[in-house]
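S.K.: Attaching a single structure in structure tokens format; questions to follow.
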Amino acid sequence: MVLTGAVREKWEIGHSRRWVLGTASAVGAAALTGCGLLDDDEPEPPKAPDPLEPLLAEALALATAYDQAVVSQPGLRTRLAPLAEDHRTHAAEMSRLIGRPLASAPVASASAGPATTVAALRQAEQAAQKTAVAACKVAAPDRAGLVGSIAASRATHAEALR
Amino acid sequence: MNEQLGAALAGEEAAIYAYGVIGVHLDSDGDVAEARAAEQAHRQKRDYLVGRLSQLKASAAPSPAGYELPYEVTDRATALKLAIQVEDGVAQGWRPVLPVTEGAERATALAAMTEAAVRATRWRRLAEVAPATMPWPGRPD
């Protein structure tokens, strides 16, 4: 564990400074992982996908679904545009935490699909809320608030579409 | 964790007080039913928090006998405005509980935060405030 300092720097690549400095426990976990890597003297294995990835994909898919709905029903713009904007705000924050620019994020179009009626959008929000609730339950402490707010925001979207 | 639970409790108690004032200025059945349900929900959360703090052998600060409202509530418009503010405040009270809890306890805190955020959205719709949602419920402004 004397290697913690060096390892921390290595771990920081791809993560925002705030995320790394945010919690002692996250740094501790990083240090443990790092010790293993240095001991093995092998090339770094591919990083496991960030647990935020599914939430990010969902946020982008929902934003796209709202865009599609507004294109086919322009009268809904006032009602739907702010919801799409919330999802984009979530996506931007998550991609920042994941450490990957939004442009290269895979856009999950399959789940967005033909969700262009308000009822379908509401269903999609409810499903997305469930994903976020499950993610919040197992999130690291420094991300619990963020993921929790995303879950709550999705719930308010479902309410706004009632 | 006691500190965060204590702050959530303070938010719930303030909400219970505020709904007493809010209710007086609502007259449509829909508004009144909504306010009653909200107050009931806040009482349940308060009881949960008092019980939890007692389990943890932590003493919560006694709730103040009265609150100074941020503005005078004189009619439906100011009552709805206060209801929105109160629910936003309750959500903000619960959010810091998330990082210091886990499992079922975190789920309970998230449910409380989410319910407050959903009620805030419902009040915004009733008050015709747009947008009715926000990206980060529970995050202080």
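Derivation of every value follows stated rules applied to the coordinates shown; laboratory data play no part. These figures come from a predicted structure and were not determined experimentally. Note: ideal-geometry Cβ built from the backbone for every residue, glycine included; neighbour counts use all protein chains shown.
S.K.: What do you get when you divide the Cα radius of gyration of the range B:1-118 by 2.2 N^0.38 Å, with N the number of residues?
M.R.: Dividing the Cα Rg of the range B:1-118 by 2.2 N^0.38 Å gives 1.07.
S.K.: Along the charge dipole of chain B, Cβ charges K/R +1 and D/E -1, which of B:V118, B:A18, B:G30 sits furthest on the positive end?
M.R.: Result: B:V118.
S.K.: Moving on. Given contacts defined as C-alpha pairs under 8 Å and at least six residues apart, what's the relative contact order of chain B, whole-number percent?
M.R.: Reported as a whole number, the value is 30 percent.
S.K.: Next question. Past 32 Å, Cα to Cα: identify those pairs from A:K47/B:K45; A:K137/B:K57; A:K130/B:K45, in the order given.
M.R.: As for pairs spanning more than 32 Å Cα to Cα, those are A:K47/B:K45.
S.K.: Nearest 0.05, what FRET efficiency do B:R36 and A:R100 give at R0 = 51 Å with Cβ-Cβ as r? Let's see the in-between values first.
M.R.: Numbers: r = 47 Å, r/R0 = 0.92.
Taking R0 as 51 Å, the efficiency between B:R36 and A:R100 is 0.60.
S.K.: When the dipole is taken about the Cα centre of the range B:1-76, and only Lys, Arg (+1) and Asp, Glu (-1) are charged at their Cβ, what size is it in debye, to the nearest 20? Walk me through the intermediate numbers first.
M.R.: Numbers: 7 positive and 12 negative charges, 107 e Å.
So the magnitude is around 520 debye.
S.K.: Now a separate question. Suppose R0 equals 51 Å; then what is the FRET efficiency for B:Q44 and A:E44 from their Cβ-Cβ distance, rounded to the nearest 0.05?
M.R.: 0.55
S.K.: Could I have the simple spin-label model distance between B:T74 and A:V138, label points 7 Å from Cα toward Cβ, reported in nm to one decimal?
M.R.: 5.5
S.K.: Follow-up. Counting only other chains, what is the mean number of Cβ atoms within 10 angstrom of the Cβ of each residue in peptide B:93-100?
M.R.: Shielding by partners across B:93-100 averages 5.
S.K.: If you don't mind, there's one more thing I want to ask. Counting other beta carbons within 10 Å of each Cβ, put B:W94, B:W136 in order, fewest first.
M.R.: B:W136, B:W94
S.K.: Fully extended, how many nm does the chain gain between A:K130 and A:A92 (0.36 nm per residue separation, minus their Cα-Cα distance)? Before the final figure, lay out each step's value.
M.R.: Working: separation 38, 0.36 × 38 = 13.68 nm, distance 2.04 nm.
Between A:K130 and A:A92, full extension yields an extra 11.6 nm.
S.K.: Report, in debye and to the nearest 20, how large the dipole of chain B comes out about its Cα centre when Lys and Arg carry +1 and Asp and Glu carry -1 on their Cβ.
M.R.: My answer is approximately 380 debye.
S.K.: Below 13 angstrom from the Cβ of B:G51, what's the summed charge of the other residues (Lys, Arg +1; Asp, Glu -1)?
M.R.: +2
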